[in-house]
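The values are calculated or read from the model by the stated rules, or taken from the named source; none is laboratory data. All figures in this text were calculated on a predicted structure; none of them were measured in a lab. Cβ coordinates were reconstructed from backbone atoms using ideal geometry, including for glycine residues, and neighbour counts include every protein chain displayed.
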Amino acid sequence: MSILLKDVHRAFGQNHVLRGLDLEVLDGETLSIIGFSGAGKSVILKHMVGLLRPDSGDVIVDGRNVSELDVGELNELRRDIGYVFQFAALFDSMNIAENVAMGLRRMPDMYDDEIMARVSECLALVDLEGTEDRYPSELSGGMVKRAGLARAIATKPKYLLYDEPTTGLDPVTVTVIDRLIVRMKEELGVTGVVITHDIASAYRISDRIVMLHEGRIRTSGTVDVIKESRDPLLRSFLEGRPELAERAS
Amino acid sequence: MNGFVLTPVEYVGRWSINRVRSLGKAGYLTTGALRALRNVEIWGPRLLTQMVSVGVASVPIAVFIAVFTGIVLALQASYTLTGAVPMYLVGSMVGKSMITELGPVLTGLALAGRVGASTAAEVGTMRVTEQIDALETLAYDPLAYLVVPRVLAGVLMFPVVIVLASAVGVLTGWAASLTLLDMSSAEFVRGLRLFFVPFDVQFAVIKSLSFGLIVTSVGCFYGFHAKGGAGGVGVAATRAVVVSSVLILVLDAFWAVVLL
Ligand SMILES: Nc1ncnc2c1ncn2[C@@H]1O[C@H](COP(=O)(O)OP(=O)(O)OP(=O)(O)O)[C@@H](O)[C@H]1O
Ligand SMILES: [Mg+2]
């Protein structure tokens, strides 16, 4: 099963963010979404878990139309989805272990010692051993980010939505996280959607890359196709050269 | 629209649309919270913590207010009752006004500040930092997790705090009568019992329940719909305090009309 967005429109007041977006994420692939700041990448991801609803169009995840689900069905679906928030969104009243355990506590028949074992395992995956008892406000920005990642993968979801998982991390940690994303796909068969501004990392982890521009997918293709693309706007983005984009428009 | 000035018609129109929209949001939140009552496994474990933070933590301020109110009531009563009126009526006046009116309303207003602001600020911070979204993605109904335990704690604990405060107020009124007014205990108690009916306590408890419901729901409402950053949270907290204080006074009058 996959994720499918069909002709999705979404506006905030006068700000028409998604304008007829069509996007398909295939089963078991990792898809990266790139695009300028404010293009609506986070908005797309929020549609996939039903945090936002489209003004029109359909969002179909795992064969279910997200905007038609009631609270119970939506919660059912959300157990299969892990969401890494752009700003981590850790619960600041809980320590790191409790944060990571939150999703696990909603799983049927998981006992406390199993939960805590899984928490340690996930924290180890993101290089955060020993931070169990600390509070989010006591961690560095990068650590908070990784804790958010640990919380999302804890329940072994079928889908993982990563909103800029490596922004603000040091280069070595970026590689650790990149490898983790690849591992989630290869070992657990996770279908992944990654929003990233890090082109090198997108090349390493993605099966396909799409570029969002003016509310639609401007270009999409495998890593090789994207690397070779002649689209001036895409090139300007990949190479960080605004003058190319000006020529395009 | 010509220029920057809205015509009065437009202004009234927008104002009405916004009011209706708020009512809609409030209705949505209420039905959602009622539905969320089913998810005991989510709100149950959080109820006790909330009862402590709404109730136990409010006791000092409530007692502080009650002590001074009790003293002032006794002095005020003796100042009013001069000449032929018997002094034991001081006991009646302290008891009656403390239990039925001043205990509930003064404590309610103090808790509207304390509980209302902290509820709106906590929930509002969670909203603007996407923690409420995070709850949803982890398959928690935020209404069950945040709203239900807070509102239930308000409904359960406001009466406890208010009854305690009223009792403290009556006791300090008594002490003030003995020490400052040259009354005897027998006199004070005689006055206290003269007009006391058990219904006074029921009346106070009903009021307190409704105050607890209002303060916590209003706090949750403004927190839930907070927008923007720290500024938005501040606005939510301020509105929660102002609106719940006003509603407490309105409700107080409402119950007086309906029940007395
Ligand atoms: N809840 C909201 N209310 C109002 N406007 C919103 C909301 N969420 C997003 N927007 C608007 O939608 C647009 C897209 O926002 P989004 O967060 O998706 O950008 P983005 O592509 O993720 O950017 P970045 O790379 O900087 O994270 C922005 O103009 C933003 O102001
Ligand atoms: Mg974003």
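Would it be correct to say that residue A:158 is among the basic types (Lys, Arg), within 17 Å of residue A:26 (Cα to Cα), more than 16 Å from ligand 1 (Cβ to nearest atom) and surrounded by fewer than 23 Cβ atoms within 10 Å (Cβ to Cβ)? Steps first, answer last, please.
On the way: among the basic types (Lys, Arg): yes; within 17 Å of residue A:26 (Cα to Cα): yes; more than 16 Å from ligand 1 (Cβ to nearest atom): yes; surrounded by fewer than 23 Cβ atoms within 10 Å (Cβ to Cβ): yes.
So residue A:158 passes the test.
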Task: Selection count, segment A:18-57, where residues are within 9 Å of ligand 1 (Cβ to nearest atom) and of a type in the set (Gly, Ala, Ser) - done: 6
- [ ] May I ask you to verify whether residue A:168 is within 16 Å of ligand 2 (Cβ to nearest atom), of a type outside the set (Phe, Trp, Tyr) and in contact with a helix residue (DSSP H, G or I) (Cβ under 7 Å, 6 or more places away or on another chain)?
- [x] yes
Task: Matching residues, segment A:52-105, being of a type in the set (D, E, K, R), within 9 Å of chain B (Cβ to nearest Cβ) and in contact with a Pro (Cβ under 6 Å, 6 or more places away or on another chain) - done: A:92
TODO: Could you identify the single residue in A:55, A:22 that is more than 22 Å from residue A:162 (Cβ to Cβ) and among the acidic types (Asp, Glu)?
DONE: A:55
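Keeping to segment A:9-28, report how many residues are part of a loop (DSSP other than H, G, I, E, B) and within 18 Å of residue A:223 (Cβ to Cβ). Show your work before the answer.
Filtering segment A:9-28 for residues part of a loop (DSSP other than H, G, I, E, B) gives A:13-14, A:26-28.
Filter once more, so that each one left must be within 18 Å of residue A:223 (Cβ to Cβ): A:26, A:28.
Residues meeting the conditions: 2.
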Open item on the list: Is it the case, given these coordinates, that residue A:130 is more than 16 Å from ligand 2 (Cβ to nearest atom) and under 30 Å from residue A:213 (Cβ atoms)?
Closed with: no
Task: Residue list for segment A:22-51, restricted to those being without any contact (Cβ under 8 Å) to a residue 40 or more places away in the chain, within 16 Å of ligand 2 (Cβ to nearest atom) and within 14 Å of chain B (Cβ to nearest Cβ) - done: A:43, A:46, A:51
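Pick from B:48, B:29, B:73: which is surrounded by 13 or more Cβ atoms within 10 Å (Cβ to Cβ), modelled with pLDDT of 90 or more, of a type in the set (A, V, I, L, M) and in contact with a helix residue (DSSP H, G or I) (Cβ under 9 Å, 6 or more places away or on another chain)? Give the derivation first.
Details: B:48 fails: surrounded by 13 or more Cβ atoms within 10 Å (Cβ to Cβ); B:29 fails: modelled with pLDDT of 90 or more.
Going through B:48, B:29, B:73 in turn, just one is surrounded by 13 or more Cβ atoms within 10 Å (Cβ to Cβ), modelled with pLDDT of 90 or more, of a type in the set (A, V, I, L, M) and in contact with a helix residue (DSSP H, G or I) (Cβ under 9 Å, 6 or more places away or on another chain): B:73.
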TODO: Just need a number here: residues in segment A:173-195 that are at pLDDT 95 or above and either small (Gly, Ala, Ser) or within 16 Å of ligand 2 (Cβ to nearest atom) (or both).
DONE: 4
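Looking only at segment A:58-96, count how many residues are within 16 Å of ligand 1 (Cβ to nearest atom) and touching a helix residue (DSSP H, G or I) at 6+ places or on another chain (Cβ under 8 Å). Reasoning before the result, please.
Here is the first cut: in segment A:58-96, the ones within 16 Å of ligand 1 (Cβ to nearest atom) are A:59, A:83-89.
Filter again for touching a helix residue (DSSP H, G or I) at 6+ places or on another chain (Cβ under 8 Å), leaving A:59, A:83-86, A:88-89.
Number satisfying all stated conditions: 7.
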Open item on the list: Looking at segment B:101-119, can you tell me whether even one residue there is surrounded by 20 or more Cβ atoms within 10 Å (Cβ to Cβ) and within 14 Å of another protein chain (Cβ to nearest Cβ)?
Closed with: yes
TODO: Return the pairs, sorted by first residue and then second, in which the second residue is part of a helix (DSSP H, G or I) and of a type in the set (S, T, N, Q), the first residue lies in segment B:127-151 and is away from chain A (no Cβ under 11 Å), the beta carbons are less than 8 Å apart, and the residues are 6+ apart or on different chains.
DONE: B:147/B:217; B:149/B:49; B:149/B:50; B:150/B:50; B:150/B:119; B:150/B:216; B:151/B:216; B:151/B:217
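Looking at the structure I just gave you, is residue B:67 closer than 18 Å to residue B:179 by Cα, in a helix (DSSP H, G or I), aliphatic (A, V, I, L, M) and within 20 Å of the chain's Cα centre (by Cα)? Explain how you work it out, then say what you get.
Values: closer than 18 Å to residue B:179 by Cα: yes; in a helix (DSSP H, G or I): yes; aliphatic (A, V, I, L, M): yes; within 20 Å of the chain's Cα centre (by Cα): yes.
Against the criterion (closer than 18 Å to residue B:179 by Cα, in a helix (DSSP H, G or I), aliphatic (A, V, I, L, M) and within 20 Å of the chain's Cα centre (by Cα)), residue B:67 qualifies.
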Open item on the list: If I ask for residues that are hydrophobic (A, V, I, L, M, F, W, C) and at pLDDT 95 or above, which ones from segment A:78-93 would you list?
Closed with: A:81, A:84, A:85, A:89, A:90, A:91
